[in-house]
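A.B. asks: Quick one: structure below, then a few questions.
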Amino acid sequence: MPESTTDTNRAMWRLMTAFRQSRSLGVAVELGIAERMVEPRTARELATECGVHERSLLRLLRLLVAMEVASEDASGRFQLTALGEELGGDRLGPLVLYFCSKHDWSSWMHFDHSIKTGERAFDYVHGMRNWEYYATHPDDAAIFDAAMRALTGPVSVAVAEKYDFSPLSKVADVGGGDGTMLMAILKRHQSVRGVLLDRPDVVKRARLRFEEARLIDRCDLVGGSFFEEVPPGADAYLMKSILHDWEDEEAVAILERCRHAAGDRGARLLVVERVMPERVGPDDIDALLSDLNMLVNPGGRERTVSEYSRLFEKARFKLEGTIPLDPQFAIFEGSSI
Ligand SMILES: C[S@@+](CC[C@H](N)C(=O)[O-])C[C@H]1O[C@@H](n2cnc3c(N)ncnc32)[C@H](O)[C@@H]1O
């Protein structure tokens with residue numbers, strides 16, 4: 001916590017110019033600069049390899065050094081630090097590309113619209129909901145898919161490890177995206193079969209990944225809408241980062257479709273989401289930023305445990321408990337009532 005006026009002034013400078021640092025990371029990843037700095041490289045080498053303006057690049061590289069993302073050695077060669085390695089394609093690089101993508105950046109430019117009206121800035125800017133937009137803009141959909149994969153990958157491994165799927169024969173991932181979560185479960189639990197429901201355009205892309213992973217024989221891929229029908233017959237209905245995309249009324253409607261599909265089989269409900277604390281502190285910035293991102297983009301919200309419990313009850317599920325996955329995510333486990 002800054003103590004003197006000088007400290008508070010400096011801290012505020014960091015906060016108010018933070019978007020310039022984000023954008024600098026975005027440019028470093030977009031132009032392939034970051035990935036080349038796994039090995040030490042001079043600005044000249046990087047400029048030639050990336051086809052960019054050497055003197056301007058040098059200015060960016062010096063900022064990256066000050067941000068402790070890269071280091072510079074005595075002969076002017078730049079290399080990623082341990083922090084900078086997080087920018088890798090198999091780590092947080094795809095999320096940097098999404099946060100700096102023009103379609104996401106432009107909705108955040110109109111964040112004020114959401115605060116003034118409570119409406120989605122995304123629709124205000126793009127003239128349609130994000131899911132329709134992705135169905136018609138494949139390049140941006142690929143950026144979104146890759147970011148979700150980077151976010152969901154580590155959570156999926158934790159879900160597959162921490163939850164005992166072994167007594168279950170069939171698990172349905174409702175709004176399962178490109179299948180990252182379901183594939184992690186199927187790989188770890190050989191006796192489980194999967195069902196993936198998502199929008200038809202998303203399922204088409206997911207199919208290729210299941211084929212590549214040779215898991216297509218153990219998974220049914222269903223293109224449809226979770227507002228219309230959720231496939232019946234599963235022992236567990238799993239949803240990761242779905243309910244937070246929607247306001248309460250729509251979230252309950254999705255849960256009701258799951259409850260209908262669960263029928264009298266006693267199927268479990270497994271909701272994987274961030275946990276919003278009742279009282280927030282500095283450690284909760286990621287959950288709070290995600291909450292505002294839900295307001296700006298899909299039009300939903302992050303929720304506390306008691307808020308999830310109330311949603312579950314409205315759809316005739318009982319929240320049995322939560323299984324923490326890391327400081328941010330948890331499995332909210334429900335049973336049919
Ligand atoms: C935030 S993503 C989460 C994807 C995945 N569960 C994950 O965590 O990686 C939300 C998903 O909901 C899907 N979705 C949106 N509207 C839908 C609908 N009406 N029916 C089925 N899926 C939908 C989107 O296509 C997207 O894949």
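A.B. asks: Name the helices (runs of 4 or more DSSP H) wholly inside the range 1-87 in which the number of residues that are buried (at least 17 other Cβ atoms within 10 Å of the Cβ) is 1 or more.
C.D. replies: In the range 1-87, 18-30, 33-36, 43-50, 54-66 are the helices (runs of 4 or more DSSP H) which contain 1 or more residues that are buried (at least 17 other Cβ atoms within 10 Å of the Cβ).
A.B. asks: Do we find a residue being touching a Leu at 6+ places or on another chain (Cβ under 7 Å) and part of a loop (DSSP other than H, G, I, E, B) anywhere in the range 302-313?
C.D. replies: Taking every residue of the range 302-313 in turn, none turns out to be touching a Leu at 6+ places or on another chain (Cβ under 7 Å) and part of a loop (DSSP other than H, G, I, E, B).
A.B. asks: Going residue by residue through the range 174-197, is there one that turns out to be in the same structural domain as Pro324 (by TED's automatic domain parsing), away from the ligand (no atom under 13 Å from the Cβ) and in contact (Cβ under 8 Å) with a residue 40 or more places away in the chain?
C.D. replies: Checking the range 174-197: not a single residue is in the same structural domain as Pro324 (by TED's automatic domain parsing), away from the ligand (no atom under 13 Å from the Cβ) and in contact (Cβ under 8 Å) with a residue 40 or more places away in the chain.
A.B. asks: Pairs under 8 Å by beta carbon, first residue free of Cβ contacts under 8 Å to residues at least 40 places away in the same chain and assigned by TED's automatic domain parsing to the domain that holds Ile33 in the range 51-76, partner assigned to a loop (DSSP other than H, G, I, E, B) and surrounded by 11 or more Cβ atoms within 10 Å (Cβ to Cβ), six or more apart or different chains?
C.D. replies: Close Cβ pairs satisfying both conditions: Val52/Leu31; Glu68/Thr81; Glu68/Leu83; Ala70/Met37; Ala70/Thr81; Ser71/Thr81; Asp73/Pro40.
A.B. asks: Condition first: surrounded by fewer than 21 Cβ atoms within 10 Å (Cβ to Cβ), more than 15 Å from the chain's Cα centre (by Cα) and acidic (Asp, Glu). Now tell me which residues in the range 124-176 satisfy that.
C.D. replies: Across the range 124-176, the qualifying residues are Glu132, Asp139, Glu161, Asp164.
A.B. asks: Residues of the range 235-293 being within 11 Å of the ligand (Cβ to nearest atom), of a type in the set (Ser, Thr, Tyr) and not in a loop (DSSP other than H, G, I, E, B), which ones?
C.D. replies: Residue satisfying the conditions is Ser290 alone.
A.B. asks: Also: Does Ser306 count as of a type in the set (Ser, Thr, Tyr), in contact with a helix residue (DSSP H, G or I) (Cβ under 9 Å, 6 or more places away or on another chain), more than 14 Å from Ser335 (Cα to Cα) and assigned by TED's automatic domain parsing to the domain that holds Asp264?
C.D. replies: In short, no.
A.B. asks: Applying the selection to the range 238-257, what residues are under 25 Å from Ala160 (Cβ atoms) and touching a Gly at 6+ places or on another chain (Cβ under 9 Å)?
C.D. replies: Leu238, Met239, Lys240, Ser241, Ile242, Leu243, His244, Asp245, Ala251, Ile254, Leu255
A.B. asks: So, Asp112, is that one exposed (fewer than 15 other Cβ atoms within 10 Å of the Cβ), at negative phi and in a helix (DSSP H, G or I) or not? Explain how you work it out, then say what you get.
C.D. replies: Details: exposed (fewer than 15 other Cβ atoms within 10 Å of the Cβ): yes; at negative phi: yes; in a helix (DSSP H, G or I): yes.
It is true that Asp112 is exposed (fewer than 15 other Cβ atoms within 10 Å of the Cβ), at negative phi and in a helix (DSSP H, G or I).
The values are calculated or read from the model by the stated rules, or taken from the named source; none is laboratory data. Remember, it's a predicted structure, so these values are computed and weren't measured experimentally. For neighbour counting, all protein chains shown are included, and Cβ atoms are generated from backbone atoms with ideal geometry for every residue, glycine included.
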